[in-house]
Amino acid sequence: MLAIGTMTIDEAWNAIHHDTILLLFGMMIVVANLRLSGFFTLAGQAIVRRAHHPATLLGAIVGATAVLSAMFVNDTMCLVMTPLVVEVAVTLRRNPLPYLIGVAVASNIGSVATITGNPQNMMIGSYSGLPYAYFFLRLAPIALAGCVLAVLLILLIYRAEFRRTGRLEVPPRPVELDRMLLVKSLTASVLLFAAFFAGVPVAKAAMVAGALLLITRRIHPEKIYEQIDWSLLVMFSGLFVVLAAVEKTSLDEQFLNLANSLRLRNIAVLSLVSAVLSNLISNVPAVMVLKPVVQRLPDATAGWLTLAMSSTLAGNLTLLGSVANLIVVEQARKHTVISFWEYTRVGLPLTLATLAFGAWWLS
């Protein structure tokens, strides 16, 4: 964009939506502290150890993954939950496939519920200015219904695995905890989400929480910075510049004319277009492409919520639909292979069902 003269350096710099970058960065710092303290492993173990039947184990895994994904970004939860689920399945001599697929789909479904659940929601939150609490109240029921649908569908497709009865006992595993860091990280997280729901600007709250967590002598800041996904921050910055350049051309008006012809003001149609586009070019670019259209809709609020819902749930359609799915596949590769078809057996019907429910709910 700079090379062909579409943007000047000042225009490119101003095009970057700094609130989104700061929100992502602040949340990454908070999540890094929680990971290093041992919180996620401890929480995951505590939940699965209370499940004494294959079906309740599946429900516990799906529920825990969804809740943690809504709070602390779905990709991170896949990194945490996948090794735990593999270990539990191997120890109990269960088929790990349904439980791992449960982790993948639940991470996407759970992240629908909040602005901090995934990168595209953070972007939508910054663009739309919707309050955190309002976003949660409108989309959390869709996430809840999606989790129920996911459990029922996996139970149906893998019914042979869940017919095997007998009480399950998940053996305890020692967890390396940094108790002082755990207390500090949890305190910061509680205050952070209290600030979110109180209406404090999400980028400001995340950056303050991240900055406070960096003030410590117990852990070197370098350890935290090693956990930051710098490439994601750079990619987002670049996408903002490209989108701003597109908005300077006639493509912007052409997108709007296309939206009118497709009747994207209809929630069901917008959901379908967003889901297809998210699978063609990925969900973050899809949100950026549809942004000029959504912000000009008669009911922009409904449009933003629909875009958040559909672009996220579309990630469950195939194995390649979201980074979270690929993380689960890679992490589990040494123990089991999740094939494209094996995943699609669950992902395809689940995506269609959750998109239909989401469009109906928002309507």
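Working from label points 7 Å from Cα in the Cα-to-Cβ sense, the Phe197 to Ile9 distance is 4.6 nm.
Lys and Arg at +1, Asp and Glu at -1: add these up for the other residues within a Cβ distance under 12 Å of Leu319 and post the number.
On the way: positive: Arg345; negative: Glu330, Glu342.
So the environment of Leu319 carries a net charge of -1.
The stretch between Ile16 and Val148, if pulled fully straight at 0.36 nm per residue, gains 43.7 nm over its current Cα-Cα span.
Each of Val269, Ala245, Leu320 was placed along the dipole of the stretch 214-363 (beta-carbon charges, centred on the mean Cα), and the one lying farthest toward the positive end is Leu320. For the chain, a Gaussian network of Cα nodes joined below 10 Å ranks Val287, Val31, Val90 by mean-square fluctuation, and the top entry is Val90. Simple rule: put +1 on each Lys or Arg Cβ and -1 on each Asp or Glu Cβ in the chain, find the dipole, and look at Ala46, Phe25, Trp230; the Cα lying farthest toward the positive end is Ala46. By the rule of a C-alpha distance below 16 Å, with chain neighbours fewer than 8 residues away ignored, the aspartates and glutamates paired with Lys334 are Glu87.
Modelled this way, with points 7 Å down the Cα-to-C-beta line, the labels at Asp229 and Leu212 are 2.5 nm from one another.
Across the chain, Cα pairs under 8 Å and at least six residues apart give a relative contact order of 25 percent.
When the charge dipole of the chain is built from unit charges on Cβ atoms (+1 for Lys and Arg, -1 for Asp and Glu) and taken about the Cα centre, the candidate among Gly125, Asn74, Gly303 whose Cα reaches farthest toward its positive end is Asn74.
Once the other residues with Cβ under 12 Å from the Cβ of Leu362 are scored (Lys, Arg +1; Asp, Glu -1), what is the net sum? Show your work: numbers first, answer last.
Numbers: positive: Arg138; negative: Asp299.
Its environment carries a net charge of 0.
What you get for the stretch 196-254, charging only the Cβ of Lys and Arg (+1) and of Asp and Glu (-1), is a dipole of about 460 debye around the Cα centre. Each peptide in 128-141, 342-355 gets a packing score, the mean of other Cβ atoms within 10 Å over its residues, and the list from highest to lowest is 342-355, 128-141.
Report the net charge of residues surrounding Ala104, where surrounding means a beta-carbon distance below 12 angstrom and charges are Lys +1, Arg +1, Asp -1, Glu -1. Spell out each step's value before the answer.
On the way: positive: none; negative: Asp75, Glu330, Glu342.
For residues surrounding Ala104, the net value is -3.
Charging the Cβ of each Asp and Glu at -1 and of each Lys and Arg at +1, and nothing else, the dipole of the chain about its Cα centre rounds to 1240 debye. The long axis of helix 230-247 is offset from the longest Cα principal axis of the chain by roughly 30 degrees. Taking the C-alpha atoms only, the angle from helix 132-157 to the longest principal axis of the chain is near 50 degrees.
What is the distance in Å between the Cα centres of the stretch 96-163 and the stretch 224-244? Computed from Cα coordinates, the inter-centre distance equals 24 Å.
Work out the FRET efficiency for Thr91 and Thr336 from their Cβ-Cβ distance, taking R0 = 22 Å, and round it to the nearest 0.05.
Values: r = 14 Å, r/R0 = 0.64.
My answer for the efficiency is 0.95.
For the chain, the longest principal axis of the alpha carbon atoms and the long axis of helix 251-262 meet at an angle near 70°. Placing +1 on the Cβ of every Lys and Arg and -1 on the Cβ of every Asp and Glu, with no other charges, gives the stretch 1-139 a dipole of roughly 760 debye about its Cα centre.
Values quoted throughout were computed directly from the atomic coordinates according to the rules given, and no laboratory measurement underlies them. Since we're looking at a predicted model, the values are computed, not measured. Using ideal geometry, Cβ is built from the backbone for each residue, glycine included, and neighbour counts are taken over all protein chains shown.
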